[in-house]
Amino acid sequence: MAHGAGGKASRRLVEGLFAPLLCADSTGPLTDAAQLSIEGTRFAITTDSFVVKPLRFPGGSIGELAVNGTVNDLAVSGARAEVMAVTYVLEAGLPTEVLEAEVRAMAAAAQRAGVRIVSGDTKVVEHGKADGMYVTTTGIGSMIRGLKIDARSVRPGDKVLLSGPIGDHGITILLSRGELDLEAELCSDTRPVLPLVEALAAAAGPGIRWMRDPTRGGVATSLNELACDCGLGIVIDEEKIPIHDAVRGACELLGLDPLHIANEGQFLAVIAPEYSDAALNALNLLPGGEDARMIGTVCEQPAGAVLAATSYGGSRIVDMLVGDPLPRIC
Amino acid sequence: MCLAIPGKIIEISPDNPDSALVDVVSVRRRVDLGLLQDDRPKPGDWVLIHVGFAMSKISEQDANDQMQTLRMLGETEAALQEVKGYGLEEENGSEAASS
Amino acid sequence: MKFVDEFRAPELITRTSEEIRRLVDPARHYRFMEVCGGHTHAIYRFGLKDLLPDNVELIHGPGCPVCVLPMGRIDDGLALSQQDNVIFAAFGDMMRVPGTHGSPLEYKARGMDVRIVYSPSDALKLARANPDKHVMFFAIGFETTAPSTALTLMRARAEGIRNFSVFCNHVTIIPAIRAILDSPDMRLDAFIGPGHVSTVIGCRPYEWIAKEERKPIVISGFEPLDMLQSIVMLLRQLQTREAKVENQYKRVVPWEGNRAALKAMAEVFQLRPYFEWRGLGFISQSALRIRDAYAEWDSERRFDVPGVRVTDPKAAQCGEVLKGVLKPHQCKLFGRECTPEHPIGALMVSSEGSCAAYYNYEHRKTAAATMLSQTA
């Protein structure tokens, strides 16, 4: 169960089981999307599955998540999503209105994101399985010119950019389940980040070393993956991280760390220092990019780890998520 | 054992004086006031919340007093240093340095 | 956040750390125990050790109600819930704690109905909403949490809700502190006292620590400024050779405690003659059981409890770490067989267990402090 939560166990499953057996002859670190070359033209391809309960929540539904998630995986790999194929696994007894609503949501999200859904499949499984519905996607994108994303190109002194407030999606889902009796004006941040990535590429392309979308496992997990892949340390200033009041309140109440909470409409980027001002300005000027901030720096130490520093001189290691974030009372 | 955080009482339930709606940085939850029967809080009061129960009223006065004490740390020391510089003390029979 | 952000003000934190440096005697090594797991968590989360001089050592005490629970009790709770139509409800803290055959989350993956609740009243709500099932609430916590369980049981009885019971593992803090002080391996100078437990029991129960054991104790809040101020207060007492109970957390802790909360506890609970604490052995009068008047809501009387004692693996040194005799990384299993992903003992699972705190926040910090001054 912990293997799906996005943190250590997921990574171990991929690195320890899938990669050696399925991709034995590919080199380089694991990325969100793979790149391939067909008759001289480079493409990126990604696949993803979407499992969420409840299916509908403030700010979106599984349909939007599926489209935006795919577009975003490609975007942070330096690609513009062109086409998508979609599979639905449906639970027997799922009301037709629910399915129709999701298909409409996907169509709208695809149009908004500028991606075409060109192929699909459906399977029905018995009642009690699939939590209503599971969606799997495969997306193909063309490479955005001027971007070369590689964790191995990250250097000490590089800056870490975060596109906007964290935790909105994960906390919205938690609250929507209704088990914790919390109410807040909060909705999922699901959106395609491609327009922001394209603006970033235009303003600071040669300086962009690495990008990732911090979905399950949150910012902490993505930055730990980076630290591991580049062998350097990431030092972040917690006070610079944008976070909505309601997310902060829910996390304080439940004893959760916002850095571990899933996001569906944000991305992290590592930018060479000489491009960092241009990068941040470009984002801040765009609608939806106003809250983008530089949140940290790449350093030699602590190698392979992420450190959060406070303004008064204290610091703590920020570890990867183990399992799902659980509320605590102690 | 210990995760308890401050929240502000928004309203007491009209049909249950032991239940209140509390706001924690814009997140709202029903909180049980049963442990504060002897000193019932009212809307606008701040309480300490643990596992959905209000444990104690938070005294703004005491919080301010504490901040004041902390602000004075170092100021007392600075004042003492200043006084020492006036040469009012004699140490080891020799005159203290003048400021 | 009001009443939170003010107590994280950087200039005041700097000022208070400077006061600490002024007060310490460079020739002395200070050993302060913070009893409460919440303080352990705060120390690591806020990086407070970075702000203290090297000769002030913070030692983690046994105030983590999850950590001190013997594995046998977890097995018992899970065994009770394996019957049909029983819902196992517990705080998130319990979900990954290993029993002999797995943790509650693992039991959930195998088909048991396991629910995370934020409040004991949410567990009672589950019982109201599921009249054909029985909800067993696995209660843990010190005196901070026990009154809430007590009130919930009073409400269950008043409403005649019969499909609800509590598996009670509440423990009390004073016997744990006594066990630490009685331990021959411990040498401590003073205590940072548990702030939230004290909102219920007040400050009087600690007076024997000052009077009989001649150790200063300051009841402390949980924000960085609270803990640093408490250390200032302890150092001042040591400097003047005093030993008394002081209340640093005045904005929240009443000296006399919370009478209504104590009354609720007395109505519903009584002390067990003895109870086994992981690492500390059997301690008398240290845990609560449900009174006869509430027997119908006591899981141990509604159901048959296996009551098997499970000893910790020999190599695991949970007990010594709990008592503060060993630091987490000094346990032979730390970081090897025992990590947050596959924990051997509860100290590696509970968010306020010293092993988990040390592992998650600390153990890979190398020359980070010097590096920080070189980043923009």
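Summing Lys, Arg as +1 and Asp, Glu as -1, what charge do residues with Cβ under 11 Å from the Cβ of C:PRO98 carry, C:PRO98 excluded?
Combined, the nearby Lys, Arg, Asp and Glu give -2.
What does the highest-first list of A:250-263, A:47-60 look like by mean Cβ count within 10 Å?
Working: A:250-263: 24.8, A:47-60: 17.6.
Highest to lowest by the protection proxy: A:250-263, A:47-60.
Provide the per-residue ³J(HN,Hα) series for region A:44-50, in order, calculated from phi with Karplus coefficients 6.51, -1.76, 1.60 and θ = phi - 60°, each as a whole number of Hz, with x at glycine and proline positions.
Values per residue, Gly and Pro as x: 10, 10, 9, 9, 7, 10, 10 Hz.
Taking the DSSP beta bridges in the protein assembly as shown as the whole, what percent of them are antiparallel, to the nearest 5?
If we restrict to bridges inside the protein assembly as shown, about 65 percent are antiparallel.
What ranking, highest mean first, results for peptides C:213-225, C:286-298, A:76-88 when packing means the other Cβ atoms within 10 Å averaged over each residue?
Numbers: C:213-225: 23.5, C:286-298: 18.3, A:76-88: 21.7.
By packing density, highest mean first, the sequence is C:213-225, A:76-88, C:286-298.
How far apart, in nanometres, would the label points at C:ALA295 and B:GLU82 be if each is projected 7 angstrom from Cα along the Cα-to-Cβ direction?
7.3 nm
Return the equivalent ellipsoid semi-axes of the protein assembly as shown as a descending list in whole Å, where each equals the square root of 5 times an eigenvalue of the C-alpha gyration tensor.
Listed largest to smallest, the semi-axes of the protein assembly as shown are 44, 36, 24 Å.
Take every residue in peptide B:41-49, count the Cβ atoms of other chains within 10 Å of its Cβ, and give the average of those counts.
Averaged over the peptide's residues, the number is 2.
Roughly how big is chain C's charge dipole about its Cα centre, with Cβ charges of +1 (Lys, Arg) and -1 (Asp, Glu), in debye to the nearest 20?
200 debye
Can you tell which of A:LEU36, C:VAL68, C:LEU235 lies farthest toward the positive end of the dipole of the protein assembly as shown, using +1 and -1 charges on the Cβ of basic and acidic side chains (Lys, Arg; Asp, Glu)?
C:VAL68
If you project the alpha carbons of chain A onto the principal axes, what extent comes out on each, in Å, largest first?
Sorted largest first, the three principal extents are 58, 56, 42 Å.
Mind jotting down the distance between the C-alpha centroids of region C:39-115 and region C:227-246, whole Å?
32 Å
Determine the alpha carbon to alpha carbon distance for each of A:LYS53/A:LYS123; C:LYS244/C:LYS323; B:LYS8/C:LYS244; C:LYS215/C:LYS263; B:LYS57/C:LYS323; A:LYS240/C:LYS49 and list only those over 27 Å.
B:LYS8/C:LYS244; C:LYS215/C:LYS263; B:LYS57/C:LYS323
Once amide H atoms are built 1.01 Å from N in the peptide plane, which residues 5 or more positions from C:ARG278, or in another chain, come under 5 Å H to H?
Amide H to amide H, under 5 Å and 5 or more residues apart or across chains, C:ARG278 pairs with C:LEU69.
Divide by every residue of chain C the summed helix terms, -39500 (n - 2.57) for each DSSP H run of at least 4, and state the resulting mean residue ellipticity at 222 nm, rounded to the nearest 500 deg cm²/dmol. Kindly include the intermediate steps, with their values, before the conclusion.
Details: 15 runs with 135 residues, N = 376.
One gets -10000 deg cm²/dmol as the mean residue ellipticity at 222 nm.
Looking at chain C, what % of the alpha carbon pairs are farther apart than 40 Å? Mind dumping the intermediate values first?
Working: 10950 of 70500 pairs.
Counting every Cα pair in chain C, those more than 40 Å apart make up 16 percent.
Quick one: net charge of C:ALA190's neighbours, Cβ under 13 Å, K/R +1, D/E -1?
Working: positive: C:ARG28, C:ARG31, C:ARG187, C:ARG214, C:LYS215, C:ARG236, C:ARG241, C:LYS244; negative: C:GLU34, C:GLU57, C:ASP189, C:GLU213, C:GLU242, C:GLU246.
Around C:ALA190, the charge tally is +2.
Report the residues of region C:51-89 in range of a label on C:ALA27: point 7 Å along Cα→C-beta, backbone N strictly under 14 Å from it.
Backbone N within reach: none found.
Among the GluC sites (Glu not before Pro) within region A:118-222, which fall in a DSSP loop and have no more than 12 other Cβ atoms within 10 Å of their own Cβ?
A:GLU126, A:GLU185
By Kyte-Doolittle mean hydropathy of at least 1.6 and Cα axial length of at least 30 Å, which whole DSSP H helices of chain A are selected?
The answer is none, since no helix passes both cut-offs.
Since every read-out is calculated from the coordinates, none of them should be taken as a lab result. On a predicted model such as this, the values are computed, not experimentally measured, just so you know. Cβ sites come from the backbone with ideal geometry, for glycine too, and all protein chains shown count toward neighbours.
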